[in-house]
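The values are calculated or read from the model by the stated rules, or taken from the named source; none is laboratory data. What you see is a predicted model, and the numbers here were worked out from it, not measured in a lab. Note that each Cβ is placed from the backbone with ideal geometry, even for glycine, and that neighbours are counted across all protein chains shown.
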Amino acid sequence: MVSFDAILAMKKMASDPIKRKALIKDATCIGGLVLVLSNPDPQIIQLALETLLLLAEQAENQIILHDFIGMMDQLELVITKATCDQTIQSMAEKLYLLLSKLEETSTLKDSSNTSVSSRRSSCNKNRSLLGTHKSKAIVLQLRGMVDKSDRDLCMRLLLQVKGVISITFDMKKMRCIVRSKLDVKPESLVRAIARSQTFAAQQVVKTDSGEELFVTFNAHSQELNKENNEELPEYLPDEEETLIDDKAVSRSGKGDKKSGTGWLSAAASFLTNSFYW
């Protein structure tokens, strides 16, 4: 997570017209500013917005900020978030409207004669169009996470997945909510977390009745199948081939006690079908 001091340093750079040019070209810094807009600390959110507003003072920078993945979605979340104070929401709305004029130039050209209420209605219209069609939320149940260092590692691994917009952790429930582009698959997030080799993740989904289910993905299924196929002798009969499903669904809070015996049973079945004497 980007620290307060790091954002403060970026704000100082954004205040300098010369250093501002270098900062706007640094995708890592801009991505960090976008990410912290979902931070629970209002001071960090406000500092990030102040930095982004400084960058947006130049017209050529507005295009870069508008097109940066997750920028508009994060601003929408800040504007509609009930826990954000009025100052932060006003700053987010100001930046949102400034970047939105790239899409609605004809509407916002005469902004000096536009009332505040009409600008807000325009902003609400944009939110309704963009909020549900450009991103989605994926809830992951984390297994084996112990402390803050694990959380930071999990965040770094998830940010490596292309299309991830923001990550919010709920350490009490050991869950994280990943907001991403529509083409991001939950399997890719689970595989990314599995690379830690110390903890794992399951997708949390809800049924129509509101019941929570845990969806398990075999993060290493492709690699394991490839290795097994290379080691199998050519004369093994096809009809004896063992098929292993790479996805399983379990109900929330159930099935944990039987996981040990189920694993032993599956292992015994696999050995029986795979070895030939």
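With the condition kept exactly as written, say whether any residue in segment 11-33 is over 24 Å from Arg156 (Cβ atoms), out of contact with any Pro (no Cβ under 6 Å at 6 or more places or on another chain) and surrounded by 16 or more Cβ atoms within 10 Å (Cβ to Cβ). Yes, segment 11-33 contains at least one residue that is over 24 Å from Arg156 (Cβ atoms), out of contact with any Pro (no Cβ under 6 Å at 6 or more places or on another chain) and surrounded by 16 or more Cβ atoms within 10 Å (Cβ to Cβ).
Close contacts from segment 188-204, counting a first residue that is under 14 Å from Leu153 (Cα atoms) and a second that is acidic (Asp, Glu) and in a helix (DSSP H, G or I), with Cβ to Cβ under 9 Å and a gap of 6+ residues or different chains, come to Ser196/Asp150; Thr198/Asp150; Phe199/Asp150.
Considering every residue within segment 184-198, establish whether at least one is surrounded by 16 or more Cβ atoms within 10 Å (Cβ to Cβ), at pLDDT 85 or above and assigned to a loop (DSSP other than H, G, I, E, B). Among the residues of segment 184-198, at least one is surrounded by 16 or more Cβ atoms within 10 Å (Cβ to Cβ), at pLDDT 85 or above and assigned to a loop (DSSP other than H, G, I, E, B), which makes the answer yes.
Asp73 - would you say it is acidic (Asp, Glu) and in contact (Cβ under 8 Å) with a residue 40 or more places away in the chain? Yes, satisfied. Does Thr28 meet the test of being within 18 Å of Arg179 (Cβ to Cβ), free of Cβ contacts under 8 Å to residues at least 24 places away in the same chain and either in contact with a helix residue (DSSP H, G or I) (Cβ under 9 Å, 6 or more places away or on another chain) or in a helix (DSSP H, G or I) (or both)? Judged against the criteria, Thr28 is not a match.
Looking at segment 39-49, can you tell me whether even one residue there is outside the structural domain of Ser149 (by TED's automatic domain parsing) and under 21 Å from Gln160 (Cα atoms)? Looking for residues that are outside the structural domain of Ser149 (by TED's automatic domain parsing) and under 21 Å from Gln160 (Cα atoms), one finds at least one in segment 39-49, hence yes. If the condition is being closer than 19 Å to Thr28 by Cα, among the β-branched types (Val, Ile, Thr) and at pLDDT 85 or above, then segment 130-183 contributes Val161, Val164, Val178. Residue count for segment 58-112 satisfying the condition of being over 21 Å from the mean Cα position of the chain (by Cα), modelled with pLDDT of 85 or more and assigned to a helix (DSSP H, G or I): 17. Of all residues in segment 199-220, those being buried (at least 20 other Cβ atoms within 10 Å of the Cβ), within 15 Å of Gly144 (Cα to Cα) and of a type in the set (A, V, I, L, M, F, W, C) number 1.
Within segment 42-83, which residues are among the hydroxyl-bearing types (Ser, Thr, Tyr) and surrounded by fewer than 22 Cβ atoms within 10 Å (Cβ to Cβ)? Result: Thr80, Thr83.
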